[in-house]
Amino acid sequence: MGRPDKGKAKKSGIRRLFTWKKLLGTFIVFCLLGMGALYVVYLLVPVPSANAEATMQSNIYKYSNGKILGRTGKINREIVGLDKIPLPVQKAFVAAENKTFYKDNGVDIMGTTRAAWNTVTGKGKQGGSTITQQYVKNYFLSQDQTATRKLKEMVIAIKVDQKMSKSDILAGYMNTSYYGRSAYGIQAAARSYYGVDAAKLTTAQGAYLASLLQAPNQYDWTSASPTGRKLVEDRWNYVLDNMVGEGWLSPSERAGMKFPVPQKPKPAPGMEGQTGYIIEAANQELMRQGVSEEDIKAGGWTITLNIDEKKQKDLVKAVDKQLEAKLDRKGNEKQATVQAGATSVDPKTGAVVALYGGVGATEHWMSNATRRDYQPASTFKPIVLASAIDNHAVTQDGRRIGLGTIYSGDSRRPVVGSPIDFAPENEDDHSYGPVTVQKATNSSINSVYAQMIVDVTPAKAKKTALALGMKDGAGFPETPAISLGTMGASTMDMAGVYATLDNHGKKVTPTLVKTAEHKERTVKGTQAIGEQVISREAADTATQAMTGVVQSGSGFRAAGDYEAAGKTGTSENNRSAWFVGYTPELVTAVGLFGEDAKGNQVTLTDTINEGRANGGRTPAQIWGDYTERALNGGSDASFDLETDGSAPDGTLPDPTSTTTEAPTEEPTEAPTTATTAPTAPPTSTATTPPQPTRDPVTTPPQPTQEPTATEEPTAPPTSIQPPDAGGDPGVNSTVRPPR
């Protein structure tokens, strides 16, 4: 009978210890302690002065000799009051970031709690800050994601909300936020994205700028990926829908709105000439090394470049003399479409010593030195040759490929051994019969290199190209057509590839930044010289082949008082024309690109000269002019090559033979006698099906399987030969048919 009494006594003891009054009292005490602690924090945390980011510094960019090239970072911001910002635009920012802005006290406890919970539970990083909190973060604090900074932000936001009007807070937020494109504040953003003052922004435009704040770089429409464009358009719709929900925008007006595509970015003042191109390329290189765009824009950097002041000026002078002086950009619409780009690299160090991005960064913002939307054309052919040597490739009938290997040079000859049909046409549809690889390189014979890439396999050739420094992408399929350079590449890419060949197969990565120093950190330039990526024999054989191009081939206009190797290239429809070449001391890639006022690719034909703007003409002339200046008139340096000893014509050395130099004057009559063709068999005896004739200049072929490329002029032959497939109208103009 005693046990039940004991149980009751035990239960009653527990109840006495944990009564609801005691629990409630404990809870109230903890709440009071918490409130007291928050009050203490409130008292102890002052409103600080403006942070360093709110008073940003300049970045200083220097030539390699220490002389200042340019300055940036004089913050692109103009403070404007709310009276200069349309009311619907103001409402768009509130709808985007903080619908309760006009009602809250500077913080949103529920929003912050919800954001923290979503982050902890793995639902993604969430933002719970009010507009007041974001203004406090922008102006008084930092961007650090820490609990301490967040607590300070909330406390200061409450104090700021008590001291400042909602209008002043909103104006401060809109004027301190970063919108991308180096634009801080609504006024700079309005000018950068829409070319108007903030006062003239439409509701749709304001909603886009408000949407940008979530991810300025990712949401910039002109540079965004397809995913980025979808995300910012969704965000734009979200902002407008919120405005309708709050009664700030009528449903009918909302229904009639279309997404306001912003204009292309334009450079900030002070970025004229080549300075803007160089600084932008340097910034991009720093970002690839882990320096954020926000860090760069915040300023305080001293960036020393590898740009050689003298060589930079030499390059500009060469382009001005060989191209710009011959163009009428204002009075001739066709000539105005010609764009030039160039990159010059020291093959021993990888230093980018000169860069030409275009007529000027304030006139043509996209850099022609770094753009990859044009084909490098036949400048890719030496890569095919290097890959064949590196992989010990053989012809279809088992002969080892080298400079003396004989191929069929017949135009439209179908390749043998490929599952993909391909029969490219040579320049002017000229058939050469059996030719050596050296002759095929000199004259840039499409049919030979189409067969060679099949022999080595497109997959192996592409692997070699990527190892040398080209970039992969959708325009780089493993098909025979890539033998004609049908992928995209920049002058900097091609300068790196050829620098690696010049460096005997040891990887060279073009590097623009030498050092970048900040009070908090120092960033050194990229490791420019890497490992051996192809054999020395492969690289040196490609070099030897290209010396023939300069001595007696399509690149003869690049010759000078120096030893040089190089390759011309002219893409299909003559949309690009290239000369990429090097001496033992300097590698330079020069490209001409046809681009109309809307940014579309157009032909270069009948622009800088009548007929095709071949790579062996103006690009080679720019290259030769610059190289002569950069080398102070010439150089005695010579290539140290390890090959099979083949002569420039592909034959093995004969101690009894003598060297015949190319004549200094161009022939005025058509050659009448041909040299004896080699008698070794071509790799295939397949015949080409008949195809319709065409004008090779005005109506390039549109192949059903793979694209083809037009080619370049050849030098006057050392002996009487049939016209080369790269014939230039300026060389044999008296015998070529009218165009």
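Just a few scattered comments:
- Rounded FRET efficiency, nearest 0.05, which uses the C-beta distance separating Tyr238 from Lys317 and R0 of 51 Å: 0.45
- 5 angstrom amide H check on Thr526, placed H, neighbours 5+ away: Val513
- Projecting label points 7 angstrom from Cα along Cα→Cβ for Asp606 and Asp168 puts them 6.7 nm apart.
- Förster radius 25 Å - calculated FRET efficiency between Thr362 and Ala637, Cβ distance, rounded to 0.05: 0.05
- Glu333 paired with Ile68, simple spin-label distance in nm, labels 7 Å along Cα-to-beta-carbon: 4.4 nm
- In plain terms, the chain from Asp197 to Thr227 could stretch by 7.9 nm, reckoned as 0.36 nm per residue minus the Cα-Cα distance.
- Efficiency of FRET between Lys159 and Glu272 - r from beta-carbon atoms, R0 35 angstrom, step 0.05: 0.15
- Once backbone amide H atoms are built at 1.01 Å from N, Leu249 has Val244 as its partners under 5 Å, excluding neighbours fewer than 5 places away on the same chain.
- When the pairs Lys334/Lys381; Lys317/Lys519; Lys264/Lys334 are compared against a 26 Å limit on Cα-Cα distance, Lys334/Lys381; Lys317/Lys519 fall above it.
- Between His392 and Phe259, the modelled labels are 5.5 nm apart [label points 7 Å from Cα along Cα→Cβ].
- Descending by average beta-carbon neighbour count within 10 Å, the peptides 508-514, 416-422 line up as 508-514, 416-422, the highest first.
None of the figures in this text is laboratory data; all of them are computed from the coordinates on show. Keep in mind it's a predicted model, so treat the numbers as computed, not measured. All Cβ positions, even for glycine, are placed from backbone atoms using ideal geometry, and neighbour counts span all protein chains on display.
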